[in-house]
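First the structure, in the form of structure tokens, and then the observations on it.
Read-outs throughout are calculated quantities, based only on the coordinates presented, and are distinct from any laboratory measurement. This structure is a prediction, so every number in the text was calculated from the model and none was measured. Using ideal geometry, Cβ is built from the backbone for each residue, glycine included, and neighbour counts are taken over all protein chains shown.
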Amino acid sequence: MIRSSLIQRVIFLFVTGPGLGGNFFLLVKHVHKIVIAPGKKPTDAILIHLALSNIMTLCARVISVILSAFLLSNSLGNIICKTVIYLNRVARSLSICTTCLLSVVQAITISPRNTLWRKLKPHTAWQVLPHLLLFWVFSFLISSNLLHYISAINSMNESHVRTYSGYCNMLPAPQMVRWLFLCLMALRDFTFQSLMGCSSVYMALYLYKHHKRVLYLQSSRCAKYPSPEIRATQSTLILMTCFLLSYWTDFILSFYTGITLSQKSTTLNSEILVEVGYASLSPFILISRDVKLLKCWFIH
């Protein structure tokens, strides 16, 4: 049992290590673009925020795995449990909000100039800051119940609590409170992912029409390397696909454990793996697309 737990922790840290490195690289890259480059694109600020939310998610999970091996005093354990679990839930909410904003902004960017919603396009990175600030306030509020119902493992009767993450317990909450926050999270997921789905379908149709229009290009080399705007749209679509698959899986598992109060390690480990999977994979999707774009520039 101890050996299996140790192997799981090693695999977890091995997966999250490259994810943290990729997100830090993405963060520094776009901070440099905002500080140095003359044109401060709104997508740079969104990608910085996405990298920060991914780093928060991975760091919270790493800390929870590391500290689960230590016995902490009751007061210190409660503070750490509340902080780590709360920040992890906030980062999860920020991730879906930011990814949705990225998808919508990219869909608006590629839309024709004569469309009505093209007027909603942010032209600078500073214009998206109010939206990002609103995401923080919203995420703090929708996760506020954890500050009261999360505590460290102690001498309490374990039949009245359920293990939330390694060394933390979820105290029993009134049914009305539990359903209220579960419904709010479900509504958040449905709303933002519906927006993501609509914008992704729009971008997919736009890319299909664009593919038909580029047949007149003079060489296959030009057709192979589309414009930066089209490549950014392709990157966003790949990111949306990965996000929708991972987040709906994570949502189903979270909803299941929230309703049934399940403590099965397989379910909890699968939920953690899906959660850190997107946070670790997303920066490499964006970085790999940038590398292909750099090759295109060097060829031309």
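Taking amide hydrogens as placed 1.01 Å from N in the peptide plane, the amide H of Ile150 sits under 5 Å from those of Leu171, each at least 5 positions away in sequence or on another chain. In this rough spin-label picture, where each label sits 7 Å from Cα along the Cβ direction, the Trp136-Leu182 distance is 3.2 nm. Residue ranges 112-120, 99-107 sort as 99-107, 112-120 when ordered by packing (mean number of other C-beta atoms within 10 Å per residue, highest first). Evaluating 6.51 cos²θ - 1.76 cosθ + 1.60 at θ = phi - 60° for every residue in the range 275-286, the Karplus couplings come out as 5, 7, x, 5, 4, 7, 7, 4, x, 6, 4, 5 Hz, glycine and proline recorded as x. Here the Karplus curve 6.51 cos²θ - 1.76 cosθ + 1.60, taken at θ = phi - 60°, turns the phi angles of the range 193-201 into couplings of 6, 5, 4, 4, x, 5, 5, 5, 4 Hz, with x standing for Gly and Pro.
Highest mean packing first, where packing is the average number of other Cβ atoms within 10 Å per residue, the peptides 50-59, 180-189 line up as 50-59, 180-189. Converting phi to 3J(HN,Hα) with the Karplus coefficients 6.51, -1.76 and 1.60 and the offset θ = phi - 60°, the range 54-59 yields 5, 5, 4, 4, 5, 5 Hz in sequence order, with x at every glycine or proline.
Pairs exceeding 22 Å between alpha-carbon atoms, taken from Lys121/Lys212; Lys41/Lys121; Lys29/Lys209: Lys121/Lys212; Lys29/Lys209.
Stretch Trp126-Leu147 to full length: gain in nm at 0.36 nm per residue minus the Cα-Cα span? Walk me through the numbers on the way to the answer.
On the way: separation 21, 0.36 × 21 = 7.56 nm, distance 3.17 nm.
Fully extending the segment from Trp126 to Leu147 adds 4.4 nm.
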